[in-house]
Amino acid sequence: MELGDVLRDRRKAAGRTIASVAVDAGLSVPYIANLENGRGNPTLAALDRLATALGARLDVRIDDEAPAPPPSAAAELLAASVRADKILAALSNGRSRATVRRDLITTLDALQSLLGHPPTPADLNRLLDLLQLSRLELG
């Protein structure tokens, strides 16, 4: 996930405007808009102020590059599902879409041991149905 997507998702999940985040971070609106659109080269100080304004923590590491794990069956299912994207937006409820996506992938991957096979598109749709129904009952 790109930095701009993370910033935008966090800001929107918090119900904030770029202007309100800019004021809290002491940065300009165009600067933040450019970062959200994948432009610009922010300093660590600016990223730290943005993270604080968004109620997050900046974590910067230099580490040996570990090989990327192969994508899970759940991640591939989610990437191919238009329905999942629509439901993820509805489920965000104050959390970033990336966080909800990660939690959904973790849940689907955990179901594999119960199912005895990798999750299928039908399994994903059943889980999405359950989440929608649970959300309606709580609302």
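The values are calculated or read from the model by the stated rules, or taken from the named source; none is laboratory data. Just so we're clear, the structure is a prediction, and the values are computed from it rather than from any experiment. Methodologically, a virtual Cβ is constructed for each residue, glycine included, from the backbone with ideal geometry; neighbour enumeration extends over all protein chains shown.
Here are the numbers for the structure shown:
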quantity: Residue pairs meeting the criteria (Cβ under 8 Å; at least 6 apart or on separate chains; first in contact (Cβ under 8 Å) with a residue 40 or more places away in the chain and on the phi > 0 side of the Ramachandran plot, in the stretch 102-118; second surrounded by fewer than 13 Cβ atoms within 10 Å (Cβ to Cβ) and aromatic (Phe, Trp, Tyr)); calculated: none
quantity: Helices (runs of 4 or more DSSP H) contained in the stretch 5-57 and holding at least 2 residues closer than 20 Å to residue 99 by Cβ, out of contact with any Gly (no Cβ under 7 Å at 6 or more places or on another chain) and among the aliphatic types (A, V, I, L, M); calculated: 44-53
quantity: Which numbered condition residue 135 fails, given (1) at pLDDT below 85; (2) part of a helix (DSSP H, G or I); (3) exposed (fewer than 13 other Cβ atoms within 10 Å of the Cβ); calculated: (3)
quantity: Top-ranked residue in the stretch 56-74 [being in contact (Cβ under 8 Å) with a residue 12 or more places away in the chain and out of contact with any Asp or Glu (no Cβ under 8 Å at 6 or more places or on another chain); ranked as nearest to residue 126 (Cα to Cα)]; calculated: 56
quantity: Subset of the stretch 95-110 (residues that are of a type outside the set (D, E, K, R) and surrounded by fewer than 18 Cβ atoms within 10 Å (Cβ to Cβ)); calculated: 98, 99, 106, 107, 110
